[in-house]
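Visitor: Take a look at this one; I'll ask things after.
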Amino acid sequence: MATTTIQAETKWWNGGRSPFNASYGKVMMWYFLMSDAFTFGAFLISYGTIRFSVNNWADPNHVFNAFPFAGHANLPLAFVSLMTFILIFSSVTMVLAVHEGHHMNKKGVEKYMLLTIIGGIAFLGCQAWEWTHLIAGHHDVLVNGQIEHWGTTVTKNPWGSEVMHNGTMVATPGPIAFGGYFFGITGFHGFHVLSGVVINIVMYIKTKLGHFDQRGHYEMIEKAGLYWHFVDLVWVFVFLCFYLI
Amino acid sequence: MSSEAISHGTQAHAMHDDHHDHHHHETFITKYVFSQDHKMIAKQFLVTGIIWAIIGGLFSVIFRLQLGYPESTFPWLEDFLGHWAQGGKLKPEFYYALVTMHGTILVFFVLTAGLSGTFANFLIPLQIGARDMASPLLNMLSYWFFFIASIIMFASLFVQTGPASGGWTIYPPLSALGEASSGSKIGMDLWLVSMAMFIVSSLLGGLNYITTILNMRTKGMSMTRMPLTMWGLFFTAVLGVLSFPVLLSGAILLLFDRNLGTSFYLSDIVVAGKILPNEGGSAILFQHLFWFLGHPEVYIILLPAMSMASEILSVNSRKPIFGYMAMVGSIFAITILAFLVWAHHMFVTGLNPFLGSFFVLLTLLIAVPSAIKVFNWLTTLWRGNIRFTPGMMFAIGFVSLFISGGLTGIFLGNSSLDIHLHDTYFVVAHFHIVMGVASFFGMFAGVYHWFPKMFGRYLNNTLAYIHFWVTIIGAYLIFWPMHYEGFAGMPRRYYDYSNWESFKMFGGLNEFISFVAMIVFAVQLLFVFNFFYSIFKGRKVKSQNPWGSNTLEWTTPINPGHGNWPGEIPEVHRWPYDYSKDGKDFIPQDVPVGEDESKH
């Protein structure tokens, strides 16, 4: 967006101008993000309510200890740290894209938008792997005196408390809310990342076609950036609630 | 827009500029169907809302037949409802479906979309002096998402197992388990999907209303020079944007419970002797999520009605609104408090009484801004030069109903009294008067007052006065006796009270209520006739400002085109309530302040 010279005695709220010196699109995006924050807030508060009302919640260090191509190595939270790093790094490249947009540097915007898109897709790929690994897993669970092999799904949780069975410690079924909330909330977040990637791809194409150069400003990149940073910020909370606590 | 405004970089594209081509050729499709003109979108919302109101009202007449005449049969009902009314007697399952759909339709489709969709769209650009909404495209999408939601909800009326029937609050487990009742099957899924579409519509609309009011006010239109309608609609949009997403979360989790086997809301349930595998969930959690929307929703419905009543009362009393800043402060206070009182719907769920006492306190605090508003309306009327136009009659009716219904809220907001009154007809009476009928009166006031601006014609006054008197007397006759029934402990949502010794005595009263309800419904059809007849055949508006009003919408041509003002947008020099000032009847907002003019 073109920068505006701010006069000393401007009456911002007197009409005929935006009181925030921002276009309607940006104001709208901020209000949308506020609204979306309430959606995630409701999800996370529901999660907290249920999680702290049941016993034997799964220990994230046990559940999330796998890494692609690492076999059965016990690497607690290593993979999710990588995912988080990728997503946060894509926020950095987004900042750089917005920065290049301010300088009307089409090539720079293209480069950094592409990196941001790659970051987003990489994150989604990681999430797909993690989900697959959880769902397809085989864990011994003692059900009605029989050993069964369970993955983690929305209806099955093999991470309950352990009991002695035939001389070895075996897990019992844990609270099924675990899978529901984990897949529900990370899925909803993943859906946001996916929308963000689609938006970024559209922005990339529009940049490539020179639409923003014709328009004289790269504000659309800025708005897509606001959304992207929001999605990252939400991930920080999701990460905190599901992996760290 | 003046040339100096364009020099502000952000404004050049933030405001809709004069380059807007007002004369380009418009086809039927772009003018009436996929219109991006806020005035046409408003009319689309209004007409869709009217159709829904007829359907929702008709449902109430049908279930009132059952309540009023539980022993009679109505063979014509079978022709109309098929197997749902075999032998002319409504089936219990369908009775619940009708009650549920009546609530859903009137709360969401009529009094949310029909009310703010119509008046926020219509009035915001006209009263703040803008060519259109911030984003006409999103505005159009807002209507069409509402349309899709309407179609899905309408379709759910025709599925074999019937529409949702767990009450408009869709509490689980009734709503979460398909086997719980016939209405909990596909009808419930359609309900949830329809509401998701509705929430998208409300979000797109709300974002537009907020940004338009913040960003697009014409020169001189500072926030405190806005008519109170703008303040009301602004905070309505804020409420919607921040509370509907929580319902969305709740609905998504409910959809998962229904279709993916999760247990967010379910735990230890036995259906027909079979133990369900669900464990660990909480049905109370849903109630929290629902009422976090559900209570602000009350104000989403009320604030537009309140603020339109404020405007109409002032114009037709020929007096400035009393306590403008107090009104704005009250609207703001109500908005904040609306988010902090949801658990007063849940006093009997086993809520910790200590926590309950906080919710009692915050709930009763709402009485303060509400009372301030009532006093300001009354003092605005006080010694005014009152013109009893139909709009004015309905605005006064609104104040009356708001007082009557508001007072009973003080009873219900008290957690100990609520133990007795919860889920009785007292609650039904309370919310129908204060939020249902009162909001309808605000809406009618708005329609009668702004109809000349919408269609360039007047509504018929004789029909309007009949409509007013029958509706207000009827509303009191219907809902006043319900307080009495509620005090006596008569629970709501029962299909037939005649089997209870203690409620048998209300048989006559129930019959009376049903009888009045039918008359009131018939009179609403008279209004609908008046509305559609007057669009084409009503008396034409001859003057630009028929009510002698100060606000900017009356500075546009009688039939404003897309863009609203043919020339430049007028600049604003004063607040909108300069009535009976310095010997002048009224001084519109675009008239510059004279040198020797007194301060208001």
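The values are calculated or read from the model by the stated rules, or taken from the named source; none is laboratory data. Just so you know, these numbers come straight off a predicted model, no measurement behind them. Counting neighbours? That spans all protein chains shown, and the Cβs are built from the backbone with ideal geometry, glycine included. Remember, those area values only see protein heavy atoms, side chains included, never the ligands or the DNA or RNA. Shrake-Rupley method; radii C 1.70, N 1.55, O 1.52, S 1.80 Å.
Visitor: Calculate, for residue B:151 and residue A:62, the FRET efficiency according to 1/(1 + (r/R0)^6) with r their C-beta to C-beta distance and R0 41 Å; round to the nearest 0.05.
Guide: Once the sixth-power term is evaluated, E becomes 0.30.
Visitor: Please report the accessible area of residue B:345 (heavy atoms, 1.4 Å probe, ligands and nucleic acids excluded) in Å², nearest 10.
Guide: 50
Visitor: Between residue A:128 and residue A:236, what is the label-point separation in nm under the 7 Å Cα-to-beta-carbon projection?
Guide: Placing both labels 7 Å along Cα→Cβ, they lie 2.8 nm apart.
Visitor: Further question on the same structure: Can you give the FRET efficiency for residue A:69 and residue A:92, using 1/(1 + (r/R0)^6), R0 = 30 Å, r = Cβ-Cβ distance, to the nearest 0.05?
Guide: Using R0 = 30 Å, I get an efficiency of 0.65.
Visitor: So for the pair residue B:465, residue B:529, with labels modelled 7 Å out along Cα→Cβ, what separation do we get in nm?
Guide: Placing both labels 7 Å beyond Cα along the Cβ direction yields 1.8 nm.
Visitor: What accessible surface, in Å², does a 1.4 Å probe find on residue B:462, ignoring ligands, DNA and RNA and rounding to the nearest 10?
Guide: Here the accessible area works out near 90 Å².
Visitor: Rg to Rh for segment B:46-117: what is it, with Cα atoms only and Rh by Kirkwood?
Guide: My calculation puts Rg/Rh at 1.06.
Visitor: Can you give the local net charge around residue B:215? Use residues other than it whose beta-carbon is closer than 12 angstrom to its beta-carbon, Lys and Arg +1, Asp and Glu -1.
Guide: Around residue B:215, the surrounding residues sum to +3.
Visitor: Follow-up. Name all residues of segment A:42-61 having a backbone nitrogen under 20 Å from the label point set 7 Å from the Cα of residue A:161 along its Cα→Cβ direction, giving them as ranges.
Guide: Flagged as within label range: A:50-61.
Visitor: Report, to the nearest whole %, how much of the accessible area of segment A:24-244 belongs to carbon and sulfur atoms, 1.4 Å probe, protein only.
Guide: 67
Visitor: Ordering B:562, B:467 from largest to smallest accessible area (1.4 angstrom probe), what's the sequence?
Guide: Highest to lowest solvent-accessible surface, that is B:562, B:467.
Visitor: Shape verdict for segment A:87-131, please, from the Cα gyration tensor: rounded (a/c under 1.5), prolate (a/b greater than b/c) or oblate.
Guide: Note, shape of segment A:87-131 comes out prolate.
Visitor: Separate question: List the residues, sorted by chain then number, that are 5 or more residues from residue A:159 or on another chain and whose placed amide H is less than 5 Å from its amide H.
Guide: A:174
Visitor: Ok, one more. Could you list the chymotrypsin sites (Phe, Trp or Tyr not before Pro) in segment B:331-408 that lie in coil according to DSSP, counting only those with at most 12 other Cβ atoms within 10 Å of their Cβ?
Guide: Here the sparse-neighbourhood loop sites are B:382, B:388.
Visitor: At a probe of 1.4 Å, how much accessible area disappears from chains B and A on forming the pair, both sides counted, to the nearest 100 Å²?
Guide: 3600
Visitor: On the principal axes of its Cα set, how long, how wide and how thick is the protein assembly as shown? Give whole Å, largest value first.
Guide: Sorted from largest, the Cα extents of the protein assembly as shown read 98, 81, 51 Å.
Visitor: Any idea what the alpha-carbon Rg over 2.2 N^0.38 Å comes to for segment B:228-317?
Guide: 1.62
Visitor: Please list the non-local residues whose amide H lies under 5 Å from the amide H of residue B:457, H modeled 1.01 Å from N, same-chain partners needing a gap of 5 or more.
Guide: For residue B:457, whose amide H was placed from the backbone, the distant partners under 5 Å are B:541.
Visitor: Charges only on Cβ, +1 for Lys and Arg, -1 for Asp and Glu: so what's the dipole of chain B about the Cα centre, in debye to the nearest 20?
Guide: Value, rounded to 20: 1000 debye.
Visitor: Then there's this: Could you please tell me the mean projected area of the C-alpha convex hull for segment A:24-244, averaged over all directions and given in square nanometres to one decimal?
Guide: With the hull built on Cα positions only, its mean projection is 13.3 nm².
Visitor: First measure r as the distance between the Cβ atoms of residue A:53 and residue B:259, then evaluate 1/(1 + (r/R0)^6) with R0 = 25 Å and state the FRET efficiency to the nearest 0.05.
Guide: 0.55
Visitor: Another question, if that's okay. I'd like to verify something in chain B: which complete DSSP H helices, judged by Cα projection on the helix axis, reach 27 Å or more and average at least -1.0 on the Kyte-Doolittle scale?
Guide: Qualifying helices: B:38-68, B:136-156, B:186-215, B:228-259, B:283-317, B:390-412, B:461-487, B:507-537.
Visitor: Could you list the square roots of 5 times each eigenvalue of the Cα gyration tensor of segment A:67-170, that is, the equivalent ellipsoid semi-axes, sorted largest first and rounded to whole Å?
Guide: 45, 12, 10
Visitor: Now for a separate question. Restricting to DSSP loop positions (anything but H, G, I, E, B) with no more than 14 other Cβ atoms inside 10 Å of their own Cβ, which trypsin sites (Lys or Arg not before Pro) remain in segment B:456-509?
Guide: B:493
Visitor: Tell me, what are the semi-axes, in whole angstrom and largest first, of the equivalent ellipsoid of chain B as set by the roots of 5 times the Cα gyration tensor eigenvalues?
Guide: Value: 41, 26, 25 Å, ordered largest first.
Visitor: What percentage of all Cα-Cα pairs in segment B:290-444 are separated by more than 28 Å?
Guide: 22
Visitor: In the structure displayed, which of B:43/B:599; B:319/B:542; B:43/B:185; A:26/B:31; B:219/B:584; B:31/B:319 lie more than 27 Å apart, Cα to Cα?
Guide: Violating the 27 Å limit, Cα to Cα: B:43/B:599; B:43/B:185; A:26/B:31; B:31/B:319.
Visitor: Positive end of the charge dipole of segment B:33-586 (Lys, Arg +1 and Asp, Glu -1 on Cβ, about the Cα centre): tell me which of B:173, B:529, B:301 has its Cα farthest that way.
Guide: Going by the Cα projections, it comes out as B:529.
Visitor: Also: Got a number for the accessible area of residue B:319? Probe 1.4 Å, square angstrom, nearest 10.
Guide: 50
Visitor: Averaging over all projection directions, find the projected area of the Cα convex hull of segment B:345-390 and quote it in nm² with one decimal place.
Guide: 5.0
Visitor: Let me ask something else about it. In nm, give the distance between the simple-model label positions of residue B:597 and residue A:194, each being 7 Å from the Cα along the Cα-to-Cβ direction.
Guide: Here the answer is 5.8 nm between the modelled labels.
Visitor: Enter the per residue convex hull volume of segment B:78-146, computed from alpha-carbon coordinates, in Å³ rounded to the nearest integer.
Guide: 108
Visitor: What length, rounded to one decimal in nm, is gained on full extension from residue B:539 through to residue B:519, with 0.36 nm per residue of separation minus their alpha-carbon distance?
Guide: Extending this stretch completely gives an extra 4.5 nm.
Visitor: Let me ask you something else. Mind pulling the per residue volume of the convex hull built on the Cα atoms of segment B:450-546? Å³ is fine.
Guide: Given the Cα convex hull of segment B:450-546, per-residue volume reads 116 Å³.
Visitor: So the label point goes 7 Å from the Cα of residue A:12 along Cα→C-beta, right? Which residues of segment B:223-245 then have their backbone N under 15 Å from it?
Guide: Only B:223 fall inside the zone, counting backbone N under 15 Å.
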